[in-house]
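The values are calculated or read from the model by the stated rules, or taken from the named source; none is laboratory data. Just so you know, these numbers come straight off a predicted model, no measurement behind them. Note: ideal-geometry Cβ built from the backbone for every residue, glycine included; neighbour counts use all protein chains shown.
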Amino acid sequence: MKILLLYPEFPDTFWSFKHALPFIRKKASTPPLGLLTVAAMLPSHWELRLVDLNVRPLRDQDLAWADYAFLSAMAVQQASAHQLIARCKAAGLKIVAGGPLFTAEHSQFPDVDHFVLNEAEMTLPPFLRDLALGHPRRVYTSTTFPDICQTPAPLWQLADLKHYASMAIQYSRGCPFDCEFCNITSLFGHRPRVKNAAQIIAELDGLYRLGWRQSVFFVDDNLMGNKKQLKADLLPALIAWRKGKKGMPFNTEISINLADDEELMDLLAEAGFITVFIGVETPDDNSLAECNKKQNLGRDLVADIKRIQRAGLQVQGGFIIGFDSDTPSIFQRQIDFIQKSGIVTAMVGLLQAPTGTRLYERLQREKRLVSSFSGDNVDGETNIKPRMSLETLQKGYRAVIRHLYAPRNYYARLKTFLKEYKAPRITIPVNAEYIRAFFRSVLRLGILGKERLHYWGLVVWTLVRRPRLFPLAITLSIYGYHFRRVCELHIA
């Protein structure tokens with residue numbers, strides 16, 4: 001059996017980094033972790049070929065070679081997914097689809113032959129058995145959450161790693177919290193399930209043997225969902241694994257209550273974590289209570305963020321505007337909060353209701369759903385009827401984005417962060433490609449860019465005040481260029 005593993009293209013979004021990747025001559029941020037993991041679950045004698053459309057185009061000979069196309073996607077990739085399905089259908093190739101997009105919206109894809117939904121550890125084996133017997137069903141689902149200690153390591157060898165800026169691995173699934181707008185618990189449950197440390201070390205060893213020294217993203221939706229296991233098992237193993245090795249800093253997603261545990265912050269930094277994404281959402285307690293973001297309530301969020309930064313962990317933040325409790329004052333409050341916190345990478349979007357969330361169900365009952373969920377966090381659109389007038393909401397949102405990513409404000413926020421940030425213990429080796437990236441930034445940002453005065457001001461300031469953070473300052477300057485391009489696309 002010849003299997004074509006297809007990964008749709010990401011549009012030009014906040015997290016695509018399409019305008020930043022050319023600086024380091026990369027084509028995509030991370031490889032398709034889900035597909036590579038599914039590949040490891042397929043019969044070993046099958047022939048496998050990966051086509052990641054973010055890296056290379058799909059060719060007619062790929063379609064002619066294959067017996068089946070296996071397709072996985074997230075909501076933001078739905079336009080490309082439809083195009084891929086149509087092309088496979090035209091070529092007479094049978095399609096098997098899974099992943100978050102199809103688990104939530106499989107009824108929207110009538111041309112897919114078979115859906116293997118939910119978690120593949122539960123639904124892929126029965127599909128493979130039925131396929132071998134010659135009578136596979138159209139839809140395979142499961143309400144059981146599997147033990148991921150049995151999940152195999154991804155088949156990294158199927159991907160051309162040189163095209164990616166970062167690798168991705170998964171330690172846990174599930175989250176103990178119950179935020180109304182989030183679909184993680186509907187997909188993976190409230191009880192965080194974790195791999196054992198030996199599994200993670202084996203995955204890292206595999207990457208290290210392949211010569212990988214750049215960053216690794218732990219894609220967990222909340223790395224500290226099972227804090228006891230994290231502190232007792234994984235982090236000590238990572239600290240021991242790092243001895244004698246170079247590079248491979250880690251990034252992840254985590255909750256704000258990390259700020260309450262100084263020991264955990266120290267362990268994360270020692271293990272090589274340098275960046276954490278936190279869903280801050282809003283400085284308004286009424287809106288936090290409305291969406292059941294209990295872990296953020298009653299806190300000095302700015303102080304928490306600065307505490308995490310001083311522990312050597314850069315905080316990236318997610319923010320939402322458009323809660324029912326929001327008033328027009330929220331626009332300036334979000335701006336003030338983000339600038340004061342020094343969160344350089346601040347993803348601000350309008351509230352949307354993904355299928356399967358409690359928010360979706362509530363708004364469906366209230367007849368306030370107006371369209372499907374786009375999956376794009378910063379397109380300035382929403383699939384709900386907000387309490388605030390839509391015109392006021394979108395006008396205020398555009399003002400927030402313009403302010404945050406205007407060069408003057410972005411570079412001021414970057415300096416605020418650098419003043420607080422403790423230089424990390426683990427860094428990416430500065431190789432020839434990163435040196436070339438610096439000179440590309442000089443040309444694009446320092447000579448041709450409208451941010452050139454702010455860019456050179458940051459260069460001088462960093463070399464004088466925080467020279468060890470100079471590579472990071474340049475990296476974040478390049479990120480800022482990407483964010484501005486994306487925001488200009490959506491708010492022009």
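Quick one: which of 136, 152 is part of a loop (DSSP other than H, G, I, E, B) and under 30 Å from residue 429 (Cα atoms)?
Exactly one residue qualifies, and that residue is 152.
Condition first: touching a residue at least 60 places away in the same chain (Cβ under 8 Å) and either among the small types (Gly, Ala, Ser) or touching a Pro at 6+ places or on another chain (Cβ under 6 Å) (or both). Now tell me which residues in segment 159-195 satisfy that.
159, 164, 165, 166, 168, 183, 186
Name the single residue that is modelled with the lowest pLDDT among those in segment 440-492 being part of a helix (DSSP H, G or I) and among the charged types (D, E, K, R).
Per the criteria, the residue is 488.
If you check residue 137 against the conditions, is it modelled with pLDDT of 95 or more, of a type in the set (D, E, K, R) and over 23 Å from the mean Cα position of the chain (by Cα)?
yes
Residues that are β-branched (Val, Ile, Thr), touching a Cys at 6+ places or on another chain (Cβ under 6 Å) and modelled with pLDDT of 95 or more: does segment 393-401 have at least one?
The answer is yes, given that some residue of segment 393-401 is β-branched (Val, Ile, Thr), touching a Cys at 6+ places or on another chain (Cβ under 6 Å) and modelled with pLDDT of 95 or more.
Could you list, in sequence order, the residues of segment 1-56 that are over 17 Å from residue 478 (Cβ atoms) and small (Gly, Ala, Ser)?
Across segment 1-56, the qualifying residues are 34, 39, 40, 44.
Determine, yes or no, whether residue 248 is under 21 Å from the mean Cα position of the chain (by Cα) and at positive phi.
yes
Looking at 131, 101, 124 in this structure, which one is outside any loop (DSSP other than H, G, I, E, B) and farther than 21 Å from residue 33 by Cβ?
131
Scan segment 221-229 and give yes if some residue there is at pLDDT 95 or above, closer than 24 Å to residue 302 by Cα, within 23 Å of the chain's Cα centre (by Cα) and not in a loop (DSSP other than H, G, I, E, B), otherwise no.
Looking for residues that are at pLDDT 95 or above, closer than 24 Å to residue 302 by Cα, within 23 Å of the chain's Cα centre (by Cα) and not in a loop (DSSP other than H, G, I, E, B), one finds at least one in segment 221-229, hence yes.
Scanning segment 308-343 for residues that are in a strand (DSSP E or B) and of a type in the set (Val, Ile, Thr), which turns out surrounded by the most Cβ atoms within 10 Å (Cβ to Cβ)?
Only one residue fits best here, namely 315.
Out of segment 15-25, which residues are assigned to a loop (DSSP other than H, G, I, E, B) and either surrounded by fewer than 20 Cβ atoms within 10 Å (Cβ to Cβ) or without any contact (Cβ under 8 Å) to a residue 60 or more places away in the chain (or both)?
Listed by number, the residues that qualify are 15, 16, 18, 19, 25.
Out of 61, 108, 78, I need the residue that is over 16 Å from the mean Cα position of the chain (by Cα), surrounded by fewer than 19 Cβ atoms within 10 Å (Cβ to Cβ) and closer than 30 Å to residue 347 by Cα. Which one?
From the options 61, 108, 78, the qualifying one is 108.
Could you tell me which residue of segment 351-364 is farthest from residue 279 (Cα to Cα), considering only residues that are crowded, with 22+ Cβ neighbours inside 10 Å and in contact with a strand residue (DSSP E or B) (Cβ under 6 Å, 6 or more places away or on another chain)?
Across segment 351-364, the extreme among qualifying residues is 353.
Determine whether residue 472 is within 27 Å of the chain's Cα centre (by Cα) and closer than 24 Å to residue 315 by Cα.
For residue 472, the condition - within 27 Å of the chain's Cα centre (by Cα) and closer than 24 Å to residue 315 by Cα - is met.
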